[in-house]
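Asker: This structure is in structure tokens; I'll ask about it shortly.
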Amino acid sequence: MQLLARLTLSAAVLLFLAFFGNVAAGALGAGVVLGDVAEMLMLFVSSILFVIGVLAREALAGMAPQEGPSDREEFR
């Protein structure tokens, strides 16, 4: 599960950086590599991978044993 979280978040960052680079290149007048539809798909896939990564991290955090106030000796 931890590997899934790392891979999806890394892929999301890479795709977003590629998207941002394409937009920045277009804004600077260097020409765009990707068209509108490709940009939209790249941003969509990046968002989906980000959500999957965050949900995987939340699942990992939920599996870890948590110590609450009732578990501590000082509150008994």
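The values are calculated or read from the model by the stated rules, or taken from the named source; none is laboratory data. Keep in mind that what you see is a predicted model, and the values were worked out from it rather than measured. Glycine also receives a Cβ, built like all others from the backbone with ideal geometry; neighbour counts cover every protein chain displayed. Side chains are part of the model used for accessible areas, which takes the heavy atoms of the whole protein and leaves out ligands, DNA and RNA. Shrake-Rupley method; radii C 1.70, N 1.55, O 1.52, S 1.80 Å.
Asker: Given a Förster distance of 30 angstrom, what is the FRET efficiency for Met40 paired with Leu3, based on the Cβ-Cβ distance and rounded to 0.05? Before the final figure, lay out the partial values.
Answerer: Working: r = 29 Å, r/R0 = 0.96.
For R0 = 30 Å, the calculated efficiency reads 0.55.
Asker: Next up: Between Leu55 and Val33, what is the spin-label point distance in nm, taking each point 7 Å from the Cα along the Cα→C-beta axis?
Answerer: 3.0 nm
Asker: Related question: With Rg and the Kirkwood Rh both taken from Cα atoms, where does Rg over Rh land for the chain?
Answerer: Numbers: Rg = 19.7 Å, Rh = 14.9 Å.
Rg divided by Rh gives 1.33.
Asker: Determine ³J(HN,Hα), in whole Hz, for all residues of the stretch 30-37 in sequence, where each value follows from phi through the Karplus function 6.51 cos²θ - 1.76 cosθ + 1.60 and θ = phi - 60°; x replaces Gly and Pro.
Answerer: 7, x, 9, 8, 9, x, 5, 5
Asker: Another question, then. Round to a whole number: what % of the accessible area of the chain belongs to carbon and sulfur, probe 1.4 Å? Could you put the intermediate results ahead of the total?
Answerer: Numbers: 4040 of 5820 Å².
Using a 1.4 Å probe with all protein chains present, the chain comes out at 69 percent carbon and sulfur.
Asker: Sticking with this one: With n ≥ 4 as the cut-off for DSSP H runs, can you work out [θ] at 222 nm for the chain, using -39500 (n - 2.57) per run divided by the number of residues, rounded to the nearest 500? Intermediate results must be reported in sequence, preceding the final value.
Answerer: Working: 2 runs with 54 residues, N = 76.
So the calculated ellipticity at 222 nm is -25500 deg cm²/dmol.
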